[in-house]
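Okay, so here's the structure we're looking at.
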């Protein structure tokens, strides 16, 4: 039996066809370098299932972003080595950038973002990479590879304007690569809002967002490989994302590290709503 092509939000129609869609959604279900909790390779199907069961009118923006069209591409299934995955993702992203559509990506673990980000900063000089994450991910290599999930933004730190938000776990080997003026530690964000405008003020005009779901507090997002206490809650996150989308040109984003928990659907529903919120903010005024 031929496997049915997935449809975003379960709503079929010509708006989702490649030529008509404003948005491309690329799944990269790779989980080869994660070092503790596994399961991020199963995140996309859980996300799609939740997306089919959410209501698609966004109250805040008074919009239905799905009508812009979200075309789901064939997944990238390369998994022979971290380097091979990087090369496959990098080359595919370079091709997708030629379409001039709004590109979105879904992991998989955070190592999949390395190739995406490289293609984006090459295409967009003076790009800001906004990393929303519990972990600094600045190691130049880990377990013998620069393409490990612990190295997710090291290359970005050397080649783009990297802004890090929500960080609350790192290794001392990463300190030489940390820009404290552009890193917002979770412990300094709790109960505060000034970090939002301050971080946005340090961004260039074009922004790429890489969002590791462990940036959220595990009380609302336990379904990740390495959950860290002290994370961001839902309302501060969407308030911040709204500021970024309103004040800057977000050129693409990825969401990574959803590792579903059996018989517990809340995390993937949060992820589905997050993705839809980000599209709603992107297209609210179009």
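All of the numbers you see were taken from the coordinates with simple rules; none came from a lab. The model shown is predicted, which means the values in this text are computed figures rather than measured ones. Using ideal geometry, Cβ is built from the backbone for each residue, glycine included, and neighbour counts are taken over all protein chains shown.
Values as computed for the structure displayed
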quantity: Footprinting exposure proxy for 143, 154, 149, 15 (fewest neighbouring C-beta atoms within 10 Å first); calculated: 143, 15, 154, 149
quantity: Peptide ranges 240-247, 203-210 listed from the most packed, as the mean C-beta count within 10 angstrom indicates; calculated: 203-210, 240-247
quantity: Antiparallel %, DSSP beta bridges [both residues in the range 5-109], to 5; calculated: 10 percent
quantity: Directionally averaged shadow of the range 177-286, computed from the convex hull of its alpha-carbon atoms, nm²; calculated: 7.5 nm²
quantity: Separation in nanometres of the label points that stand 7 Å from Cα toward Cβ, at residue 87 and residue 220; calculated: 4.2 nm
quantity: Gained length - residue 171 relative to residue 192, 0.36 nm times residue gap less alpha-carbon distance; calculated: 5.0 nm
quantity: Calculated P(r) of the range 1-118 - Cα pairs past 17 Å, %; calculated: 60 percent
quantity: Shape call, the range 54-190: gyration tensor on alpha carbons, a/c limit 1.5; calculated: oblate
quantity: Residue-span extension gain [residue 205 to residue 266] - 0.36 nm each, minus C-alpha spacing; calculated: 18.5 nm
quantity: Mean separation of Cα contacts under 8 Å (6+ apart) over length of the range 196-243, as relative contact order %; calculated: 32 percent
quantity: Viscosity 0.692 mPa s, 37 °C: Kirkwood-radius Stokes-Einstein D of the range 127-198 over Cα pairs, µm²/s; calculated: 263 µm²/s
quantity: Exposure proxy order (Cβ contacts within 10 Å, fewest to most) of 151, 183; calculated: 183, 151
quantity: Which of 86, 185, 216 has the fewest Cβ neighbours within 10 Å, and the rest in rising order; calculated: 185, 86, 216
quantity: Beta bridges by DSSP in the range 8-283, antiparallel share as percent, to the nearest 5; calculated: 10 percent
quantity: Relative contact order (%) - criterion: Cα under 8 Å, at least six apart; region: the range 8-283; calculated: 23 percent
quantity: Taking the range 163-286 and dividing mean pair separation by its residue count, relative contact order in percent (alpha carbons under 8 Å, at least six apart); calculated: 25 percent
quantity: Pairwise label distance in nanometres, residue 235 with residue 122, each label 7 Å out on the Cα-Cβ vector; calculated: 4.4 nm
